[in-house]
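Engineer: A single structure is presented below for examination.
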Amino acid sequence: MLTFSVFLCVLCGGEVKKSPFFRGFDSYTGLSFAMDDEASIKADEGVRLRFSGASLVLGAGLPSEKVGELGEILLESNPLDVLVPRVGLSVSLSPSFLPFSLSVNAGTLSFSGALSRMKSPVFSIGSSLSSPYRPSGGISSNLPSFTSSRHPFSLSVLLSSSGKSVEFPNLFFAADEKKELFLSIYKSFSLGPVPLVSLSANFSFLRHSREYSSSWFQKIRPYPEDYYFCSEIESSFVWSFVRHWSALCATQSPYGGFDFWFRTSDSLVLDFFRLNASFFASSPGLISASGEIVGVLYEFLLNPQFLFDLGNLSAQAGLSALGEIDSEKSAGVRFRFDAALGGGKFRAGLCAQTSLSGSDDSVRLVDFSSKLSASYRARYFSMAGSVSLKCSDSSQGISVSASVSPAKGLVKSLTSDLSLSIKDGNLSSSSVSAGMELCKKWEKITVTGKFSAKLKNTY
């Protein structure tokens, strides 16, 4: 099957430096068109206005829909049910007569920080050259982006210390149209020889359920839709070359009582060496704050990193090993190796990952992937390229990408990608894509246009 897709994006932004009230704007228009057996279209439109102490986001998105059915969908359905609304207003106030600052966000907000961890508490393996784990304390809300997914309407209020009172903690409260509630109390301070200590308490009331299935075997019993309570206490400190962070969470079980999970991350940071270690443990049968089943009982992450000074070049190398034991008592280990070399105008990197799965009598290789990348910056242009390889039990894939970015001119970048997939020894799919980004700046306005086309063939 042959698939063709085109993406067009226009970004426009400007700043107003002399105005005491209006600071600038950003606008976005995105249109995607794809053609296989049928044509489909996806569109996004939005604008962000920036004021002194305030921001306003207005926009909407049309999810990918078949062109032939689009008119019927819009006529027979409420357009608000089809379109993805993106509305957000943020106002920040710092009254001189109060010991705190006030920030209010309203609209189709998204939430991050501790709430993301309460919904999905297990670790994920990232770059082996990442900095020591330093999560932001408490829960935070974010205005919608120009391409964000659908979120319920929410209101959040943040009271934070304005510097007039070092004793005042950050207080965060939010609620959405589904009557879900979020509360966070966060405070950072110094304690004797320890320059930075932080404590936070985070709470949520989230609504979820597990519907009955006709399947004769279910790993989890169904339960009715209701509001379930979740609370988390987290602490961290930074002292000399030591970093520590930990969190303990209690989640209300739909079957009665509470389930628990615990996470901790510690780091040793020296000039030439870093060691990150993390541990996770949970109650059997844990259901997270989002209603998802957490099948992992234990996780342990070990990540040593080395830094080398090679004169005009600097090098880094790191290895991560993430092991886990699930509720079925089976074990698995994921390894990731990263290396980076750079100096002056040249940069190069290598990343390799693999997974091992084990039971009582066997150990097998689940998958393997690697990526080699390099970039070079000259006086009039810069260029970058990468080669990626993925292998699993019965399939393999290889992809090659390259980009060129002129230092001046209307063309900001040119990109191209080629991917091949092989299954059971035969070519199963191939794709080739190319893109161009244009940028034009005037005194106060910047306009950026992006165009890309992709051709995919399935055999």
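The values are calculated or read from the model by the stated rules, or taken from the named source; none is laboratory data. Everything numeric in this text was worked out from a predicted model, so none of it was measured. We place every Cβ from the backbone using ideal geometry, glycine too, and count neighbours over all the protein chains shown. Each accessible area value is taken on the protein alone, full model and side chains, heavy atoms only, with ligands, DNA and RNA left out. Shrake-Rupley method; radii C 1.70, N 1.55, O 1.52, S 1.80 Å.
Engineer: Rounded, prolate or oblate: which fits the stretch 178-303 when a ≥ b ≥ c are the square roots of the eigenvalues of the alpha-carbon gyration tensor, with rounded for a/c under 1.5 and prolate only if a/b beats b/c?
Structural biologist: In terms of gyration-tensor shape, oblate.
Engineer: Which trypsin sites (Lys or Arg not before Pro) from the stretch 329-360 combine a DSSP loop assignment with at most 15 other Cβ atoms within 10 Å?
Structural biologist: Here the sparse-neighbourhood loop sites are K329, K345.
Engineer: On to the next question. What number, in percent, do you get for the relative contact order of the stretch 275-409 if the mean sequence gap of Cα pairs under 8 Å and at least 6 apart is divided by its residue count? Could you put the intermediate results ahead of the total?
Structural biologist: Values: 315 pairs, mean separation 18.1, N = 135.
Reported relative contact order: 13 percent.
Engineer: Right, another one. Go through K345/K456; K329/K390; K119/K178; K329/K371; K42/K390; K390/K412 and tell me which ones have a Cα-Cα distance over 25 Å in this structure.
Structural biologist: Numbers: K345/K456 35 Å; K329/K390 28 Å; K119/K178 17 Å; K329/K371 32 Å; K42/K390 30 Å; K390/K412 30 Å.
Distance filter (> 25 Å) returns K345/K456; K329/K390; K329/K371; K42/K390; K390/K412.
Engineer: Restricting to DSSP H runs of at least four residues, report the calculated mean residue ellipticity at 222 nm for the chain, -39500 (n - 2.57) per run over all residues, nearest 500 deg cm²/dmol. Don't skip to the answer; put the middle values down first.
Structural biologist: Values: 3 runs with 20 residues, N = 459.
It comes out at -1000 deg cm²/dmol, rounded to the nearest 500.
Engineer: For the chain, what does the relative contact order come out to in percent, with C-alpha contacts under 8 Å and a separation of six or more? Don't skip to the end; give the middle numbers.
Structural biologist: Working: 1225 pairs, mean separation 48.7, N = 459.
In percent, rounded to a whole number, it is 11.
Engineer: Same structure, new question: Just flag the trypsin sites (Lys or Arg not before Pro) in the stretch 373-449 sitting in loop per DSSP whose Cβ has no more than 13 other Cβ atoms within 10 Å.
Structural biologist: Filter output for the stretch 373-449: R379, K408, K444.
Engineer: Taking the alpha-carbon distance from K17 and a cut-off under 18 Å, which aspartates and glutamates remain once sequence neighbours fewer than 8 residues away in the same chain are dropped?
Structural biologist: In chain and number order, the partners are D26, E443.
Engineer: Pairwise over distinct Cα atoms, reciprocal of the mean inverse distance: report the Kirkwood radius of the stretch 333-403 in Å, one decimal place.
Structural biologist: 14.1
Engineer: Based on a Kirkwood Rh over C-alpha pairs, give the Stokes-Einstein translational diffusion coefficient of the stretch 2-68 at 10 °C and viscosity 1.306 mPa s in µm²/s.
Structural biologist: Stokes-Einstein gives a translational diffusion coefficient of 115 µm²/s.
Engineer: Please work out the C-alpha center-to-center distance from the stretch 283-322 to the stretch 81-158 and express it in whole Å.
Structural biologist: Comparing the Cα centres of the stretch 283-322 and the stretch 81-158, I get a distance of 24 Å.
Engineer: Plugging the Kirkwood radius over Cα pairs into Stokes-Einstein for the chain, at a temperature of 4 °C and a viscosity of 1.567 mPa s, what D comes out in µm²/s?
Structural biologist: Estimated diffusion coefficient is 49 µm²/s.
Engineer: Using heavy-atom solvent-accessible surface (probe 1.4 Å) with all chains present, what is the largest-first order of R364, R207?
Structural biologist: Output order, biggest surface exposure first: R364, R207.
Engineer: Next question. If you roll a 1.4 Å probe over the heavy atoms of the protein chains, what accessible area per residue do you get for the chain, in Å²?
Structural biologist: 57
Engineer: Considering the Cα trace of the stretch 273-338, what is its radius of gyration and what is Dmax, both in angstroms?
Structural biologist: When restricted to the Cα atoms of the stretch 273-338, Rg and Dmax are 16.7, 54 Å.
Engineer: Starting from the Kirkwood Rh over alpha-carbon pairs, what translational D in µm² s⁻¹ does the stretch 338-458 have by Stokes-Einstein at 37 °C and 0.692 mPa s?
Structural biologist: 190
Engineer: Moving on to the next point. Tell me, what % of the accessible area of the chain is carbon and sulfur with a 1.4 angstrom probe?
Structural biologist: 63
Engineer: Shifting gears a bit: So if I take the alpha carbon set of the stretch 279-385, get Rg, then get Rh from the Kirkwood formula, what is the Rg over Rh ratio?
Structural biologist: Here Rg/Rh amounts to 1.16.
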